[in-house]
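Right, one structure below, let's go through it.
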Amino acid sequence: MSPESPNGRLSGDAILAIDKAHIWHPYAAVNSAAPLFPVKRAEGCEIILHDGRRLLDGMSSWWSAIHGYNHPRLNAAATQQIADFSHVMFGGFTHEPAARLAKYLVNLSPEGLQKVFFSDSGSVSIEVAMKLALQYWLARGDKSKQRFLSFRHAYHGDTFKAMSVCDPDTGMHSHFAGALDEQIFCAAPACAFTENWDEHFIEELKNTLHAQHTEIAAILIEPIVQGAGGMRFYSPHYLKRLRELCDTYNVLLIADEIATGLGRSGKLFACEHAGIAPDILCMGKTLTAGYLTLAATLCTDEIATTICSASPGVFMHGPTYMGNALACAVACANIELLLESDWQAGIKRIEQQLERGLAPARALASVADVRVLGAIGVIELHDPVDLNAIQPRFVDQGIWLRPFGKLVYMMPPYIMNDEQLAFLCGRTIEVLQTQ
Ligand SMILES: Cc1ncc(COP(=O)(O)O)c(C=O)c1O
């Protein structure tokens, strides 16, 4: 069978046939019977399938497409950069897109983060952050600080070091037992976003740091929003106290803002809810608004100069596509677009619409909790959903959601209007009602 149609393009069926024969999907079996939908175009808040169906996108392609799809400004930034050059090696060369992007990130991120390391994906930016922390303590002559402290329900990525700091039960620890570094875990922050603070919420962490700080290089945390590990929102007070404890016990603080960076939680960076600055900060996902894969790890001058003052005198990392010019150019245009808009009011508007639109879900017997923060809406069910059964039903309703476990959640593009948000929430509830 030749999969090509007469104009050389593949039909939807041909794509599916090749895909089934050769392609892996995220967390999927090969040759899986799971439903798969071939995409023809995407535009604004809509994803258009080969069979002509139009889906209102509630996922922003896993947090990334904040300005929707096919945005003329982002398209223009990409084509202009392609006309100059798409990529040159970053060893020995530098260029305007990387310089402009680094300046934006340093200016916009929490105070004190002055150095930027570009890499390819969120997981790699976590690897870089952990390596920076290790090299920092080694440069200071401290060989005992080799472990990391992380939280239950955390998710930091799928590469090996990143996996080791994901939730030890729901993450991949059991599958790779013996191959992962053994890290130290504390309970997930339990004080809800608006709950009154009580010091008992941080007692376990305090005790753990007291007992083990000499072996801990850094604490990794997703500020305010624990994402893929449970979609939980916790109190800014927790972060404030965490920052203080890191200072007291001489432990670095790594903020994983890969999902929250650039506005999603209502602040440009979720750390701002607590008014804290980490020692190291990771960004990814939103950085190119869903156009290209790019991530960044920022750190303080002190960390950078300490690392470079000791043998081997350099930071030991250097990906081939580091500082990719095309991705950096789109990232600059993405940030400009965001800053030119009244994005904070926009996120507030989405938050109010999600509150209103998802409220009826609270009455459903299958629903355990409904929570909203910024442009993130979560319906937590009592029981896990059957993804293969529910996803086609969302598609039949004209919406795109990708639940996991007990969580049906949405983080729409920031450009989604009120009518679309009402449609997204209404159709979601309709599907859950008839489960
Ligand atoms: C908080 C957080 N950290 C890290 C990652 C890993 O990023 P990537 O999938 O780009 O490797 C993710 C991805 O979902 C994430 O949400």
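All of the numbers you see were taken from the coordinates with simple rules; none came from a lab. Only a predicted model underlies this, so the values are computations on that prediction, with no experimental measurement involved. Note that we place each Cβ from the backbone using ideal geometry, even for glycine, and neighbour counts take in every protein chain shown.
What fraction of the DSSP beta bridges in the chain is antiparallel, stated in percent and rounded to the nearest 5?
Approximately 70 percent, going by the DSSP bridge assignments.
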- Under 18 Å from the Cα of Lys115, which aspartates and glutamates turn up, not counting those fewer than eight places away in the same chain? Glu96, Glu127, Asp256, Glu257, Asp279, Asp301, Glu302
- Item | Those lysines that a straight Cα-Cα span of less than 21 Å connects to Lys240, excepting residues fewer than 8 apart in one chain | Lys206, Lys267
- Note on the structure: Mean-square fluctuation maximum in Gaussian network of the chain, Cα pairs under 10 Å, restricted to Val116, Val88, Val128, hits Val88
- Would you look at the GNM of the chain, springs on alpha carbons closer than 10 Å, and say which of Gly346, Gly261, Gly141 moves the most? Gly141
- Cleavage-rule hits, chymotrypsin sites (Phe, Trp or Tyr not before Pro), segment 119-186, DSSP coil, Cβ neighbours within 10 Å at most 13: Phe176
- Express in nm, to one decimal, how much length is gained between Ala187 and Asp169 on full extension, taking 0.36 nm for each residue of separation and deducting their alpha carbon distance. 5.3 nm
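If I take every Cα pair under 8 Å that is 6 or more residues apart in the chain, average their sequence separation and divide by the length, what percent do I get for the relative contact order?
21
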- So in segment 226-324, what percent of DSSP beta bridges are antiparallel if you round to the nearest 5? 60
- Under 23 Å from the Cα of Lys40, which lysines turn up, not counting those fewer than eight places away in the same chain? Lys20, Lys285
- Shape of segment 270-321, Cα gyration tensor, a/c cut at 1.5: oblate
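Any chance you could run the full-extension gain for Arg53 through Tyr321? It's 0.36 nm times the residue separation minus the Cα-Cα distance, nm to one decimal.
92.9 nm
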- Message: I want to verify a result. In a Gaussian network model of the chain, Cα cutoff 10 Å, which of these has the top mean-square fluctuation: Ala327, Ala361, Ala28?
- Response: Ala28
- Task: Report Rg(Cα)/(2.2 N^0.38 Å) for the chain, keeping two decimals.
- Result: 0.99
